[in-house]
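Visitor: Starting off with a structure, shown below.
Computed from the coordinates by the stated procedures, all read-outs in this text should not be read as laboratory data. From a predicted model like this one, the values you see are computed outputs, not experimental measurements. Reconstructed Cβ throughout: ideal geometry from the backbone, glycine too, with neighbour counts over all protein chains shown.
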Amino acid sequence: MIELPEGSWWDWDIVACDPGRLRLGAGHDISYAHGLELVFSDPVFVMCPAAFQDPVFRAPTPDEVRLIARQVGEAPPVLVAFEADAGGPSLASGLVAAGQLDIVQGTVFRYWCENLTVGERLAPWVKPPA
């Protein structure tokens with residue numbers, strides 16, 4: 001199970017996903033910026049809603065551990081499970097298996113912003129105006 005730093009991490013979404021990295025962003029309202037990222041390196045299994053709220057992280061169940069071991073051939077170094085509100089009639093389950101997990105704090109702007117200060121950066125898709 002993971003421990004998040006203190007803060008308002010209610011609103012979540014997938015910031016970026018490619019074969020080498022899954023990046024989840026969180027904050028109290030992520031429409032303009034987010035302040036926390038869970039960065040999964042070398043993800044081998046991802047079952048995660050694109051956007052969700054108020055996740056409850058928990059230890060994976062024995063069935064989830066068996067599922068991942070069967071899918072990838074062995075138990076990975078990182079296995080994170082959670083339930084969250086994804087807008088449906090019941091909670092959505094999330095399960096991520098990866099080689100490493102880094103928890104990164106700092107403001108990440110989702111729109112162009114000039115004069116960034118230390119600890120601030122732009123989301124991967126934000127490009128300077130032409």
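Visitor: How far is helix 62-72 tilted off the main Cα axis of the chain, in degrees rounded to 10, range 0 to 90?
Guide: 80 degrees
Visitor: For the stretch 10-16, what does the Karplus curve 6.51 cos²θ - 1.76 cosθ + 1.60, with θ = phi - 60°, yield as ³J(HN,Hα) per residue in whole Hz, taken in order and with x for Gly and Pro?
Guide: Listing the rounded values in order: 8, 9, 9, 7, 7, 7, 7 Hz.
Visitor: Given the options HIS34, GLY20, PRO55, identify the residue whose Cα lies farthest towards the positive end of the charge dipole of the stretch 11-122 (+1 on Cβ of Lys, Arg; -1 on Cβ of Asp, Glu).
Guide: GLY20
Visitor: A follow-up question, please. Hey, got a sec? Which chymotrypsin sites (Phe, Trp or Tyr not before Pro) in the stretch 1-98 land in a DSSP loop and have at most 11 other Cβ atoms within 10 Å?
Guide: Answer in residue order: TYR32.
Visitor: For the stretch 92-101, take each phi angle, set θ = phi - 60°, evaluate the Karplus expression 6.51 cos²θ - 1.76 cosθ + 1.60, and give the result in whole Hz per residue in order, putting x for glycine and proline.
Guide: 9, 9, x, 8, 10, 10, 8, x, 7, 10
Visitor: Next question, about the same structure. Hey, rough spin-label estimate for VAL104 and VAL118, points 7 angstrom out along Cα→Cβ, what's it come to in nanometres?
Guide: 1.8 nm
Visitor: What does the extension gain come out to for PHE57 and LYS127, with contour length at 0.36 nm per residue minus their alpha carbon separation?
Guide: 21.9 nm
Visitor: Rounding to the nearest 20 debye, state how big the charge dipole of the chain is about its Cα centre with +1 on each Lys and Arg Cβ and -1 on each Asp and Glu Cβ.
Guide: Using Cβ point charges on Lys, Arg, Asp and Glu, the chain gives about 340 debye.
Visitor: Counting other beta carbons within 10 Å of each residue's own, what order do HIS28, HIS34 fall into, fewest first?
Guide: Result, fewest neighbours first: HIS28, HIS34.
Visitor: Using a Gaussian network model of the chain whose springs link C-alpha atoms within less than 10 Å, name the residue from LEU95, LEU116, LEU22 with the highest mean-square fluctuation.
Guide: Maximum among the listed residues: LEU116.
Visitor: Using the 10 angstrom Cβ neighbour count as an exposure proxy, how do ILE103, ILE14, ILE68 rank, fewest first?
Guide: Listed from fewest to most nearby Cβ atoms, that is ILE103, ILE14, ILE68.
Visitor: Of the residues GLU120, GLU74, GLU37, which exhibits the maximal mean-square fluctuation in a Gaussian network model of the chain defined by a 10 Å Cα contact cut-off?
Guide: The residue that fluctuates most here is GLU74.
Visitor: GNM, the chain, Cα, under 10 Å: largest mean-square fluctuation among ALA33, ALA16, ALA84?
Guide: Highest fluctuation of the listed residues: ALA16.
Visitor: If you don't mind, there's one more thing I want to ask. Over the chain, what is the relative contact order in whole percent, taking alpha-carbon pairs under 8 Å and six or more residues apart?
Guide: Numbers: 279 pairs, mean separation 32.5, N = 130.
Reported as a whole number, the value is 25 percent.
Visitor: Right, here's the next one. For the stretch 71-130, what is the relative contact order in percent, using Cα pairs closer than 8 Å and at least 6 residues apart in sequence?
Guide: Once normalised by length, the contact order is 24 percent.
Visitor: Right, next: Give me the log10 of I(q) over I(0) for the chain at q = 0.10 Å⁻¹, as the Debye formula computes it from C-alpha points; what are the numbers?
Guide: -0.34
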